[in-house]
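**Q** Here it is, the structure, as structure tokens.
The values are calculated or read from the model by the stated rules, or taken from the named source; none is laboratory data. Computed from a prediction, not measured in an experiment: that's the story for all the values here. Cβ placement follows ideal geometry from the backbone for every residue including glycine, while neighbour counts extend to all protein chains displayed.
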Protein chains: 4
Amino acid sequence: MAMPSIPQVRVGLVGAGFSAGLHADAYRRVHGVDVQIAWVAAARPERASALAAELGARPAADFRAVLDDRAVDVVDLCVPSHLHAALAVEAARAGKHVIVEKPLTGFFGPAATPRARMLGQALSSADAVIAACREARVRLCYAENWVYAPPVQKARRLLAASDGPILRMVGEESHSGTHAPVNKRWDTGGGGSLIGKGCHPLGAALYLKADEGQRRRGAPIRPVSVLAEVAQLGDIPAFRESHPRYLSTVEGADVEDWGSMLIAFDDGAVAQISASDAVLGGIRNQLAVYGAKAVALCNINPNDSVQAYAPDPTVFAAEYITEKIETKAGWSFAQPDEDWMTGYPQEIQDFAESVAIGREPLADGGLARDVVAVIYGAYLSAAEGRRVDLRPFLAR
Amino acid sequence: MAMPSIPQVRVGLVGAGFSAGLHADAYRRVHGVDVQIAWVAAARPERASALAAELGARPAADFRAVLDDRAVDVVDLCVPSHLHAALAVEAARAGKHVIVEKPLTGFFGPAATPRARMLGQALSSADAVIAACREARVRLCYAENWVYAPPVQKARRLLAASDGPILRMVGEESHSGTHAPVNKRWDTGGGGSLIGKGCHPLGAALYLKADEGQRRRGAPIRPVSVLAEVAQLGDIPAFRESHPRYLSTVEGADVEDWGSMLIAFDDGAVAQISASDAVLGGIRNQLAVYGAKAVALCNINPNDSVQAYAPDPTVFAAEYITEKIETKAGWSFAQPDEDWMTGYPQEIQDFAESVAIGREPLADGGLARDVVAVIYGAYLSAAEGRRVDLRPFLAR
Amino acid sequence: MAMPSIPQVRVGLVGAGFSAGLHADAYRRVHGVDVQIAWVAAARPERASALAAELGARPAADFRAVLDDRAVDVVDLCVPSHLHAALAVEAARAGKHVIVEKPLTGFFGPAATPRARMLGQALSSADAVIAACREARVRLCYAENWVYAPPVQKARRLLAASDGPILRMVGEESHSGTHAPVNKRWDTGGGGSLIGKGCHPLGAALYLKADEGQRRRGAPIRPVSVLAEVAQLGDIPAFRESHPRYLSTVEGADVEDWGSMLIAFDDGAVAQISASDAVLGGIRNQLAVYGAKAVALCNINPNDSVQAYAPDPTVFAAEYITEKIETKAGWSFAQPDEDWMTGYPQEIQDFAESVAIGREPLADGGLARDVVAVIYGAYLSAAEGRRVDLRPFLAR
Amino acid sequence: MAMPSIPQVRVGLVGAGFSAGLHADAYRRVHGVDVQIAWVAAARPERASALAAELGARPAADFRAVLDDRAVDVVDLCVPSHLHAALAVEAARAGKHVIVEKPLTGFFGPAATPRARMLGQALSSADAVIAACREARVRLCYAENWVYAPPVQKARRLLAASDGPILRMVGEESHSGTHAPVNKRWDTGGGGSLIGKGCHPLGAALYLKADEGQRRRGAPIRPVSVLAEVAQLGDIPAFRESHPRYLSTVEGADVEDWGSMLIAFDDGAVAQISASDAVLGGIRNQLAVYGAKAVALCNINPNDSVQAYAPDPTVFAAEYITEKIETKAGWSFAQPDEDWMTGYPQEIQDFAESVAIGREPLADGGLARDVVAVIYGAYLSAAEGRRVDLRPFLAR
């Protein structure tokens, strides 16, 4: 009895850092599609070679070598955010499907730039990517893993089953702050906590209301306004004077380390989305979904599937506990498989199928652009101390 | 060996409804002070008589009978919010100490009133109460039970021990909505979710930063601005069309059923305080306190001290589960002693000692006024879509 | 209007150690009864004087001075277990009501004594106390705080409301081990984990089935057999060789540091009760109650009413977290009021009312004796590797 | 660049019921091995045809058709327990690798059979399977999914990292009872709760100590004795008289609906393993692992990764919540991907790799036999009311 032949997908991985590693692990777990990482391209040749060797792929110092290989179906951009848009456009023009890490793009320049200008430039950049993909007839896969995180998908199914509207969502991603200098500055990070972390719960919230709209009226429910505050909590004098310091947000940063957005949707629903780099105790990835007929509380991290205890911080040695925990002593909420709970394998599975079969991924360019619009709208709101009407900035 | 004689306090309880019952239970649990409820006054004589009989007190249809009794030390106002200020002033002038349920006072009038005028009138009303108490040299006890809730006091002690500043607080009170018509209208409730529920987590948050300031610099840390949104989630068309309806917020309401406030403090710290009457699953009373050196998550309700399960909603019959749960079926977080966990006995203990010994209560008129300023500042912010500078409105 | 006069109770506190301190705190919180600690008697005069001074009581080096004071109503025995029975008998004969800390009594002698003889002697000792109290017509109050812990009482009410039988209970008290040498040896502690810790969940489980029986058929449901194992986990070679050691169970101990009992009741229900001195991470006080129509899971400790986090064990300084936690670093389940959640004030309130009003306390001599019978029955079971029929050993 | 060719595995699935469906789902998720289900054999031809059609496989009414197909590498036995041993032996003799669902085998006959004879026959049966596989040089894969459940594997890694011995384990699987008549009778189920559910936590506990022993001394740490009780909680008169009944354990059952085992290991460590068919509130799959230096609490189910609430049992319609929950109303701990959390895909992945690559699976025949020995040892213990020495019954 003949089985259907398994479709093949050849990937050019661009970048060899943290998120490239996460994606590589996820590609290994794809089933039903024969995915091979053909290339690893990275600016630093030794990193490209190292990861390529590990994955059985060819290393490339120049991104264009990947584009020139006709066997490559999809380019996966695991590079710093300020490089996303240009590389995505180039890849699309070379006829490759494109996977872009979050955020799709943004504004990268001086901190003193007026927020209205930031918003405009970020959206232009997003539009350029989307247009390039549309013209080249390639898929744009937006690597927002929260859309795929099992708790978020379960919440989606539960609320859909309840057949009542989502009235309110409360989401947060926070931890004790990045150590990567690129994420602490406007010119490389495109903002601080909101763009770096807030994009995750925001992406999930926008996805859930868009999905509800599709189901209820055949078109997504979209955000219409945002009111936001941001702050540099690391600048509080009592914090600056304290030691030891357990937060890494102060030195060299020109971006916010806390932001909170109050978002209204076109049907009257609301979302409260927060992000912070000034939270101790390990990463928090949480989304509460309050519907008219049901509630779903998503605890991506922490959750109590494994509770671990060590009387001393050295007891667990090199064994992983959870992202960004400051100590391994005491009780902790150890993740048995953090990648899985956070949605990485499911995301890459969707992208592989999307490319192989020729269908839209769940997280696409439209979602990616809305995230950019809301976050830069929030920066504008916080700077001017006023509600920002998002409707002029949203793509139809 | 002689023991110190126990001080006596005689109470005139005004009101015979829900909160009067809570207070009466709490008076019974006071220790170290001989507290007697001497009078129960209520507009409806039969309710006054019933509760008075239960408590061994004298009933009064007229509040002034209580004021005329020279044996009464303190008047406890458990009456609708719009009556607080006038009765408090009268009681103070009669030389009685005053206990006022939350909120201290507010604006009570047409929904269409400009929010700036609401803010002004609410603060004038608060000032009148405070001035009357000061002039009469009586205590003003602000019955904000969250200040006394064991988890909040534990958070205060933990953060104080850590010696680092509180950077951020996230608090919420929400449930599926009041059935009391007075709380659904501006003219009797003085607003909706924010004034009715938001006052609780807000009161706790303001208390914690004030306490930190006293400890750190000998003066409270105060709020400086608020940015807020409010909404009527019950007005979402898909909700209006849905049935059955599990939320009681729509009919007859002219107030918001959701509000969220982003508050900045004078030291740069922030608070995110939300309240909603559109949340299923039982009351949520939660406050997260993120410090520079420590975190404390307060789960007043729900918490897991008792998890109960019934396969059918009738199984637990009349046994109490928790406030505002829609069903007793399934798993629930049953409160073993909700009054205690919510701070009622501790609050009344403090007030009894305050009056007996002659010291300030933890929750006083200053805190009560700040709560009024922030909440009506939030209404102004939401109406005008802009950040409101609170400093002109705060008492020195 | 006259209030009923408050009844008076005068207490002679015997002992000045850990549990005396817990009781003293609880007496301060009694309401509705005028309780005064008249005496503090302790073998070491300086400890008696110190605690007496703190409580406004008279110190006594000799227990008999307390018995000679005719004003003393009740003697509260907070002394090591092996002294309970003799002092209780003497106090009863002097006409005093008696409060005895858990366990009521036991066998105190060489570890090599046959368990059957232990069982016999422990029950004779219990019977002597009960007979002395009965003859003197004084109350015997058994200070088993779990009977009064709010989660256990809530479970009782929930299961009673459900009107179905309790089918199964699973209870445990454990922590990382006592440092008190008296509790590590048969001759002073009367056993190890089972008698020192297991008495708590066992007391609660026996109470719940006795209460159900009273409700259902007018007589308690009683235990009929026990099957048990005990072990010295601290003797595992890999533990002995390991360092650092975080458990304090090995050196100088001749008692078990783990025990587990499988108990059958006369109606066919079962209980699984465990105790251990070899558990890291803070004290565990848990009881799960599975009924035919409902479930109640009691988390006395830990529970999530306050979750605290510190990146370093020194951050919380002297602030209390929870009993027996090895580190204050990491996440912990901080008890906002451990005494209250564990039932101490409620227990002392019941005893004060019992003595003042002349009614039986909830935790009485009958419960105390059943606990002794089951635990020494368990020791016999473990030693002989067989099920022990308890019926010959239970009082009618 | 050439990739290594993917190894192929062809599966003959025997059975078309619940566990066959779970396995089929898991085969679809295998990565890195090209697994195809070639045959579905089932006694009822229409069920074989239906599942085969769904999987793109060939249906067979006769198991021997599968054995005759030389392309088949492995036979996966998803049939009732009493058929396991005979089919496994036959498959092995046909040269096929064998996957057997838990339990490997048992005693299937009259309830009145002496437990010692049950133990002997069950072990003979297990030995026959193991010998057949050894002689045929095929793998015996024991489908104990708990060995693969992410929380259990995480606990293993955490305890290994801590480098201290596991002192004690407490495990349970329970729910409100099977509806399948075969599992309620000795002649088809081979016992009740212990063999049907207790095998899971027992398998995990034996695996963890065996793994520790291999690491510490190059040989597994094995169980040496068991003391156990069993009961028919459904026979409690108050339960029989109650209605409605939410437990399905009474009618037609001749097996226990509760059992608890106290197991000692050769290094002095202990395990407490319980199973019940008389627990409301959804399946409980829990294992606590207490080590000398660390603790890991595994909450396979329930855990709080998604908490869902519905005011009414119909709200969630057909959306799955969790295994064996009696109502979808109230709060529930909804499993976002129950198969994954319970270890099915990971188990099948391991078996596919084991067969493809030629290495032992994590869960092998040795573990399977130890589970049989301990459980039938427990039945013997409970029947005779005495500790059973397991050493004579364990394979070397």
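**Q** How many of the residues in the range A:362-380 are in contact with a strand residue (DSSP E or B) (Cβ under 8 Å, 6 or more places away or on another chain) and aromatic (Phe, Trp, Tyr)?
**A** Residues flagged as in contact with a strand residue (DSSP E or B) (Cβ under 8 Å, 6 or more places away or on another chain) and aromatic (Phe, Trp, Tyr) within the range A:362-380 amount to 1.
**Q** Now for a different question. Could we say that residue B:319 is over 25 Å from residue D:246 (Cβ atoms), more than 14 Å from chain D (Cβ to nearest Cβ), part of a loop (DSSP other than H, G, I, E, B) and in contact with a helix residue (DSSP H, G or I) (Cβ under 9 Å, 6 or more places away or on another chain) here?
**A** Criteria not met by residue B:319.
**Q** Look through C:100, C:147 and report the one residue that is closer than 30 Å to residue B:314 by Cβ and either in contact (Cβ under 8 Å) with a residue 40 or more places away in the chain or of a type in the set (Gly, Ala, Ser) (or both).
**A** The conditions single out C:147.
**Q** What's the number of the condition residue A:144 fails, among (1) of a type in the set (Asp, Glu); (2) over 15 Å from residue A:211 (Cβ atoms); (3) touching a Cys at 6+ places or on another chain (Cβ under 9 Å)?
**A** (2)
**Q** So which residues in the range C:311-326 are at pLDDT below 95 and farther than 13 Å from residue B:161 by Cβ, if there are any at all?
**A** Answer for the range C:311-326, where residues must be at pLDDT below 95 and farther than 13 Å from residue B:161 by Cβ: C:322, C:323, C:324, C:325, C:326.
**Q** Let me ask another. Could you check residue A:193 against (1) without any contact (Cβ under 8 Å) to a residue 60 or more places away in the chain; (2) within 25 Å of residue A:109 (Cα to Cα) and say which number it fails?
**A** Residue A:193 satisfies every listed condition except (1).
**Q** With respect to residue C:52, determine if the residue is within 10 Å of chain B (Cβ to nearest Cβ) and farther than 20 Å from residue C:355 by Cα. Write out each step before concluding.
**A** Values: within 10 Å of chain B (Cβ to nearest Cβ): yes; farther than 20 Å from residue C:355 by Cα: yes.
Yes.
**Q** Now for a different question. Within the range D:281-310, restricting attention to residues that are among the small types (Gly, Ala, Ser) and within 14 Å of chain B (Cβ to nearest Cβ), which residue is farthest from residue D:164 (Cα to Cα)? Break it down into steps so the answer makes sense when it comes.
**A** To start, the set of residues in the range D:281-310 that are among the small types (Gly, Ala, Ser) comprises D:281-282, D:288, D:291-292, D:294, D:296, D:305, D:308, D:310.
Remaining after also requiring within 14 Å of chain B (Cβ to nearest Cβ): D:281-282, D:308, D:310.
On the way: D:281: 35, D:282: 34, D:308: 38, D:310: 44 Å.
Going through the qualifying residues, I end up with D:310.
**Q** Residues in the range A:49-62: is at least one in contact with a Gly (Cβ under 8 Å, 6 or more places away or on another chain) and among the basic types (Lys, Arg)?
**A** The answer is no; no qualifying residue exists.
**Q** A further question on this structure: Being under 22 Å from residue A:264 (Cβ atoms), surrounded by fewer than 24 Cβ atoms within 10 Å (Cβ to Cβ) and of a type in the set (S, T, N, Q) is the requirement here; does residue A:153 meet it? Walk me through how you get there before you give the answer.
**A** Values: under 22 Å from residue A:264 (Cβ atoms): no; surrounded by fewer than 24 Cβ atoms within 10 Å (Cβ to Cβ): yes; of a type in the set (S, T, N, Q): yes.
Spelling it out, it is not the case that residue A:153 is under 22 Å from residue A:264 (Cβ atoms), surrounded by fewer than 24 Cβ atoms within 10 Å (Cβ to Cβ) and of a type in the set (S, T, N, Q).
**Q** Still on this model: Can you work out which of the residues in the range A:167-182 that are in contact with an Asp or Glu (Cβ under 8 Å, 6 or more places away or on another chain) and more than 19 Å from residue A:371 (Cα to Cα) is modelled with the lowest pLDDT?
**A** Of everything passing the filter in the range A:167-182, A:178 is modelled with the lowest pLDDT.
**Q** So, one more: Go through the range C:326-345 and give me each residue that's out of contact with any helix residue (DSSP H, G or I) (no Cβ under 7 Å at 6 or more places or on another chain) and more than 8 Å from every other protein chain (Cβ to nearest Cβ).
**A** Result: C:338, single match.
**Q** While we're on this one: Take residue C:363 and tell me if it is over 17 Å from the mean Cα position of the chain (by Cα), closer than 20 Å to residue C:152 by Cβ, more than 14 Å from chain A (Cβ to nearest Cβ) and touching a residue at least 60 places away in the same chain (Cβ under 8 Å).
**A** Details: over 17 Å from the mean Cα position of the chain (by Cα): no; closer than 20 Å to residue C:152 by Cβ: yes; more than 14 Å from chain A (Cβ to nearest Cβ): yes; touching a residue at least 60 places away in the same chain (Cβ under 8 Å): yes.
Criteria not met by residue C:363.
**Q** Let me ask another. Hey, any hits in the range A:244-262 for a residue that's free of Cβ contacts under 8 Å to residues at least 60 places away in the same chain, surrounded by fewer than 23 Cβ atoms within 10 Å (Cβ to Cβ) and farther than 26 Å from residue A:325 by Cβ?
**A** Checking the range A:244-262: not a single residue is free of Cβ contacts under 8 Å to residues at least 60 places away in the same chain, surrounded by fewer than 23 Cβ atoms within 10 Å (Cβ to Cβ) and farther than 26 Å from residue A:325 by Cβ.
**Q** Next question, about the same structure. Output yes when any residue across the range B:35-42 is within 14 Å of chain C (Cβ to nearest Cβ), touching a residue at least 40 places away in the same chain (Cβ under 8 Å), within 14 Å of residue C:32 (Cα to Cα) and β-branched (Val, Ile, Thr), and no when none is.
**A** Yes.
**Q** Shifting gears a bit: Has the range B:187-202 got at least one residue that is charged (D, E, K, R), closer than 21 Å to residue A:293 by Cα and surrounded by fewer than 24 Cβ atoms within 10 Å (Cβ to Cβ)?
**A** No: the range B:187-202 contains no residue that is charged (D, E, K, R), closer than 21 Å to residue A:293 by Cα and surrounded by fewer than 24 Cβ atoms within 10 Å (Cβ to Cβ).
**Q** Looking at (1) basic (Lys, Arg); (2) without any contact (Cβ under 8 Å) to a residue 24 or more places away in the chain; (3) touching a strand residue (DSSP E or B) at 6+ places or on another chain (Cβ under 8 Å), which is the one condition that is false for residue B:217?
**A** Every condition holds for residue B:217 apart from (3).
**Q** Next question. Being within 21 Å of residue C:88 (Cα to Cα) and either surrounded by fewer than 22 Cβ atoms within 10 Å (Cβ to Cβ) or touching a Ser or Thr at 6+ places or on another chain (Cβ under 6 Å) (or both) is the filter here; which residues of the range C:48-62 pass it?
**A** C:58, C:59, C:61, C:62, listed by residue number.
**Q** Something else: Do you know which residues across the range C:290-322 are crowded, with 22+ Cβ neighbours inside 10 Å and over 26 Å from the mean Cα position of the chain (by Cα)?
**A** The answer is C:292, C:293, C:294, C:307, C:308, C:309, C:310, C:311, C:315, C:316.
**Q** Okay, next question. Which residues, counting only those in the range C:1-34, are within 14 Å of another protein chain (Cβ to nearest Cβ) and part of a loop (DSSP other than H, G, I, E, B)?
**A** Correct list: C:1, C:2, C:3, C:4, C:5, C:6, C:7, C:29, C:30, C:31, C:32, C:33.
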